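A quick write-up on the structure given underneath.
We did not get these values from a lab; they are worked out from the coordinates using the rules stated. Everything numeric here is computed off the predicted structure, so don't read it as measured data. Every residue, glycine among them, receives a Cβ derived from its backbone with ideal geometry; neighbour counts consider all protein chains shown.
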Amino acid sequence: MFLVASLSILSLAFSITGSPLGVRNSSITLPLTRRLNFYNDTMNKARVAVLGGYNTHGKRADSIPMTARDLAYTVKVGVGSPPTTYNLVVSLGSSITWVGGSTTYVKTDTSVFTGFPVKESYGPEGEVFFEAIIYRDTVTLGGGLTVTNFQLGVASTAEGFVRSEDGVLGLGPEDLSRNTMPLAMHDTIPTITDRLFEQGKINRRVVGIFLRPTFDLDDRFGELTFGEPDNSKYMGTMVYTPITDIAPSSRAWGIKQRITYGQEEILGTTDGVIDISNNLIFIATDAYERYEAATGGILDPRTGLLRITRAQYTALQPLEFHIGGRIFSLTRNAQIWPRSLNPTFFPDVEFENIYLVVADIGRPSGSGLDFRIGYPFMQRFYTVFDSSEETRRVGFAPTQFTDAMHY
């Protein structure tokens, strides 16, 4: 049972219950509760596919709750008036929002049929995909924050998703939607962030993501904020770096960085992407082999992960990401899979087994996509995605959980 290919036992998803806990600095926070869902192995394989396989208004910044399962984060979104609630996977590798994968799309007085088909695949062989018709409708993100006349897909076909997933909330750059509409291949579909900005609901085309490490199955997991970074969720100064111009990383939230382990450089300055859909940190094969040798990890065929001993864990050095002139360091504890989750995800291994969250991307460096930094990193650093035309950048800052210990 390979983590990088299956993690197919259980997944974590959550539902919103009750009223907002409150509004602080015009941000909205909603309570999260947990439910468990069986996961689809095909979708897991697609989530680790490389990107090349992916076919100022003075307003408030609004936050909506976001929840984690094994390979994705999900968020509740209302569509229509009155709204029907859909559980959508948060994606940084797609810019299209669509519904109807599990919960049927409910037409209301705000629904406008356009007749334009759209389709997109997420796997390297197109095994996970949706086909839909574009509608215009009202979207509610929580706390009464609405977007009108928003273009979203209503699925006629959706393959590879679990029953609890109703679609995708696409937060990638708008250009990712190019070539997805057969009748208008050169056109793009504005993102939810674009529409919020254009309708004067947020100050900037900015999405901030706050995650916390997965300590156990009952954790609250994160928050998604539109308009401005939530400065209550991070410490110090936000460090920004521009979107790279090297393809294919330039198509998504791609940046430049180099990676060191202890005193050794394992990956020189190169290009890759930040991707919330990945539950691991994928690096180019040559970098992975250096990390493997330096840590002494041995590939465990039952999980597909590098396993280390207690003594090797104690000897782990900081894994450092050099971004925008700043070093973002993962402690030894941040480099390992939470052992408290072993019984849930790896029932065939010992509870005390220690596994590293660094994995092989499957190709040597120099491809233009030499890393995919998943949520083990994002759980330690607040991340900002700024799609403003004059900036187009990604920001990082430490949080109270940067050096936190999980078991």
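General observations
- Long-range HN-HN contacts of residue 399 with modeled amide H, under 5 Å: 235, 382
- Karplus 3J(HN,Hα) series, Hz, for segment 296-312 with 6.51 cos²θ - 1.76 cosθ + 1.60 (x for Gly, Pro): x, x, 10, 5, 8, x, 7, 10, x, 10, 6, 9, 10, 7, 4, 5, 5
- Integer Hz, Karplus 6.51/-1.76/1.60 couplings in order for segment 206-212, x for Gly and Pro: 10, 10, x, 10, 10, 10, 10
- Net charge, residue 119 excluded, C-beta distance under 12 Å - Lys, Arg +1, Asp, Glu -1: -3
- Cα pair distances exceeding 17 angstrom across segment 129-179, given as percent: 48
- Net charge contributed by nearby residues that have their C-beta within less than 9 Å of residue 323 (K/R +1, D/E -1): +3
- Segment 315-407: equivalent-ellipsoid semi-axes (sqrt of 5 x gyration tensor eigenvalues, Cα, Å): 28, 17, 13
- Loop-located trypsin sites (Lys or Arg not before Pro) in segment 216-266 (DSSP state not H, G, I, E or B) with no more than 16 neighbouring Cβ atoms inside 10 Å: 220.
- Of the GluC sites (Glu not before Pro) in segment 78-177, those whose Cβ has at most 16 other Cβ within 10 Å and which sit in DSSP loop: 125, 127
- Less than 5 angstrom separates the built amide H of residue 84 from those of 79, all sequence-distant by 5 or more or on a different chain.
- Net length available on complete extension from residue 363 to residue 313 is 15.3 nm, with 0.36 nm assigned per residue and the Cα-Cα distance removed.
- Amide H contacts of residue 253: 274, each under 5 Å away and 5 or more positions distant or on a separate chain (H built 1.01 Å from N in the peptide plane; Pro and chain starts excluded).
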